[in-house]
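The values are calculated or read from the model by the stated rules, or taken from the named source; none is laboratory data. These numbers were taken from a predicted model, which means no experiment stands behind them. With ideal geometry, Cβ positions are generated from the backbone for all residues, glycine too; neighbour counts draw on all protein chains shown. Protein only, heavy atoms only, side chains kept; ligands, DNA and RNA dropped before computing areas. Shrake-Rupley method; radii C 1.70, N 1.55, O 1.52, S 1.80 Å.
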Amino acid sequence: MKILIVGSGGREHAIAWKIAQSPKAEKIYCTPGNAGIEEYAECVPIGAMEFERLAAFAKEKEIDLTVVGMDDPLVGGIVDVFEKEGLRVFGPRKNAAILEGSKAFSKDLMKKYGIPTAAYENFDDPDKALAYLETADLPIVLKADGLALGKGVLICNTLEEAREGVRTIMLDKQFGTAGNRMVIEEFMTGREVSVLSFVDGKTIKCMTSAQDHKRALDGDQGLNTGGMGTFSPSPFYTPEIDAFCQEHIYQATVDAMAAEGRPFKGVIFFGLMLTPKGPKVLEYNARFGDPEAQVVLPRMKNDIVEVFEACIDGTLDQIDLQFEDNAAVCVVLASGGYPVSYEKGFPIEGLESLKDKDGVYVFHAGTKKENGKFVTNGGRVLGVTATGPDLKAARANAYEAVKQVTFEKAYCRSDIGKAIDEA
């Protein structure tokens, strides 16, 4: 098969690496891709939002399967464009990707179908939002309705912070049009867990659990980022919690989307909070998480191409989804100053030493090649993933591997997986 991947980050590198292991994958392309993905795929400089150009490329190259990694093109309707052209594509249509594209939609869906989530209100008028805050319990969470690169969520501890948050999202439009509407919801406490799942419109098969670290600095300080590291599985995600979520959250979400005439095919990412009152949904994503994909896919036993095809064909119930009985930890190496401002173009040293190291995977997020050498080209530069028999061993292996890679002004969190010690 000829396979096209749409995207350019660490998630897409992990997907390309996994697809390359499939005996079905004869030729892989990636648009626009990055310097690390070039090891497995031919990278073609077409932007992820150039749907017509992408579809024309897929037809020209006789692509058998397109896998969309990123949220923007899915929410924008890339799957609909490809399907109209008779192309096979893995991912939700536009009317289903709204599950991630609008937080107000997803909250209303959960309320309608009794899926456990935080209490909330939606606002498209900043004055009404400000008035609501006067009587709300603190702390409180403000969320831009649309896509905001994982950064459109503000946790406000005081009324002044909350008022400022409304100004930031709805008036100053710091997250662009994503802030035209806003969700204000109750602040939930507990452990956060991410569960990725494959869905074929009716059947859902969950992957192994993971936990992300969003804040830029150690001790969960600093600004929100796209993710500074992650580990899998979560020791807090017990069989009892899984059983509850399978019945009341996972299948319930798939059934709700089908009932709304929006059958979901692709990956649903469930962001969960394990509260004292039981698991509740924090958010949905309509694709693999980044960096969660970088710890989940290395643990997956199946041929991923077969799973993608089963989701498209509605035969996921025939797939026995299996994961290794091990653990994985990913530490993100970022450019100094990320997520605000940072320099690019620094040479990256030490990648060769990890090249064929068993159980160590380096996924490129923000790199490019200059004169045959990898240089930094983004905020999150590399995701260094290592596996081990258990979480503590995987974490030790990941930090050992991180020491081998250097570039000017590199930084990473030193406490990825700190929750492992509290389990």
Open item on the list: Going by what's in this entry, would V166 be described as more than 22 Å from the chain's Cα centre (by Cα) and either of a type outside the set (A, V, I, L, M) or crowded, with 16+ Cβ neighbours inside 10 Å (or both)?
Closed with: yes
Open item on the list: Looking at A162, A178, A148 in this structure, which one is touching a Gly at 6+ places or on another chain (Cβ under 9 Å) and in a helix (DSSP H, G or I)?
Closed with: A178
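Please return the ranges of strands (runs of 3 or more DSSP E) entirely within region 204-252 where 2 or more residues are open to solvent by 10 Å² or more (accessible area, probe 1.4 Å). Give the steps one after another, and end with the answer.
Working: elements: 204-212, 215-217, 221-224, 229-232.
Per the criteria, 204-212, 215-217, 221-224.
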TODO: Within region 108-120, identify whether any single residue is of a type outside the set (S, T, N, Q), open to solvent by less than 60 Å² (accessible area, probe 1.4 Å), under 17 Å from G179 (Cβ atoms) and over 19 Å from the mean Cα position of the chain (by Cα), and answer yes or no.
DONE: yes
Open item on the list: If I go through region 94-117 residue by residue, how many of them are of a type outside the set (G, A, S), under 16 Å from E260 (Cβ atoms) and touching a Pro at 6+ places or on another chain (Cβ under 8 Å)?
Closed with: 2
Open item on the list: Looking only at region 352-394, count every residue that is buried (at least 19 other Cβ atoms within 10 Å of the Cβ) and either among the aromatic types (F, W, Y) or out of contact with any Gly (no Cβ under 7 Å at 6 or more places or on another chain) (or both) and tell me the total.
Closed with: 8
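Take A334 and decide whether it is touching a strand residue (DSSP E or B) at 6+ places or on another chain (Cβ under 7 Å) and either modelled with pLDDT of 95 or more or assigned to a helix (DSSP H, G or I) (or both).
Spelling it out, A334 is indeed touching a strand residue (DSSP E or B) at 6+ places or on another chain (Cβ under 7 Å) and either modelled with pLDDT of 95 or more or assigned to a helix (DSSP H, G or I) (or both).
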TODO: Quickly run through region 133-145 and pick out the residues that are among the charged types (D, E, K, R) and either under 14 Å from Y120 (Cβ atoms) or in contact with a Gly (Cβ under 9 Å, 6 or more places away or on another chain) (or both).
DONE: D137, K143, D145
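Scan region 109-130 for residues that are under 16 Å from Y250 (Cα atoms) and not aromatic (F, W, Y) and report the count.
As a first pass, look at region 109-130 and keep what is under 16 Å from Y250 (Cα atoms): 109-117.
If we keep only those that are not aromatic (F, W, Y) too, we end up with 109-112, 114-117.
Here the count works out to 8.
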